[in-house]
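Comments concern the structure below.
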Amino acid sequence: VLFIAPMFDAFPEIISSLVCQTHKNWELLLIHDGPQDKKINNLIKAFDDKRITYIRKERVEKWGHPLRQWALNEIKEGKFDADYIVITNADNYHMPTYTEYLLSGFKNNIVATYCQKMVHSYLSPQQPYDHQFGVIECKLEKGYLDCACVMARKDIACETGWRDTETHSSDWTYFEDIIKKYGAQSFVNVPGCLISHN
């Protein structure tokens, strides 16, 4: 499982969560959006984990969306190996059973799995920035599913791509593109609150 995580001058919380995963066969592609403080580079080196690849790119902003597409292109060209892909953010915390549980949902014609619940500050589409952290029931609707909640087969993620690099909610465009081609029945909801967003 390859985790793609753009970041910008913040503590990469995702590393702490991945080293605690019950499923150990993961890799992290951590992409820094522009120049950064040496402390971040030293912190990542301190983990001394060969599963972590750290790359610095030119500053693009746009919530890191162009970096997600860049990473998918690199995977498509064979520069990174994976069977499954999670597109997330460096400040997300994936519960220790996240990878194990989401992998368990891939059977038959399933192309993506997602967790049943997540902790998030975005509690409703009507009040997107209320900053009242709580648990959200994830569902295949805009405003109820974050990219960090979803694991997709590599071929599906690369074929679909991250085409919306201009809007904040481009993760929904990514899901919608998969649903349009493969149907909502190709997604499986996996029980558990498995992600803490931001």
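The values are calculated or read from the model by the stated rules, or taken from the named source; none is laboratory data. From a predicted model like this one, the values you see are computed outputs, not experimental measurements. With ideal geometry, Cβ positions are generated from the backbone for all residues, glycine too; neighbour counts draw on all protein chains shown. Each accessible area value is taken on the protein alone, full model and side chains, heavy atoms only, with ligands, DNA and RNA left out. Shrake-Rupley method; radii C 1.70, N 1.55, O 1.52, S 1.80 Å.
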Within the accessible area of the chain, what % is carbon and sulfur when the probe is 1.4 Å and the other protein chains stay in place?
49
Would you work out the relative contact order for the chain, in percent, from Cα pairs under 8 angstrom that are 6 or more residues apart?
26
Loop trypsin sites (Lys or Arg not before Pro), the stretch 26-86, which have at most 12 other Cβ atoms in a 10 Å radius of their Cβ (DSSP)
Lys50, Arg59, Lys79
What number does the stretch 152-198 give for Rg over Rh if you use C-alpha atoms and the Kirkwood radius?
0.99
Residue-normalised accessible area of the chain, expressed per residue, 1.4 Å probe, Å²
48
Where Rh is the Kirkwood radius over Cα pairs, Rg/Rh for the chain:
0.93
Considering only Cα-Cα distances, which of the following residue pairs are longer than 24 Å: Lys76/Lys181; Lys142/Lys180; Lys50/Lys76; Lys24/Lys181; Lys50/Lys154?
Lys24/Lys181
About its Cα centre, the chain carries a charge dipole, from +1 on Lys and Arg Cβ atoms and -1 on Asp and Glu Cβ atoms, whose size in debye to the nearest 20 is 320
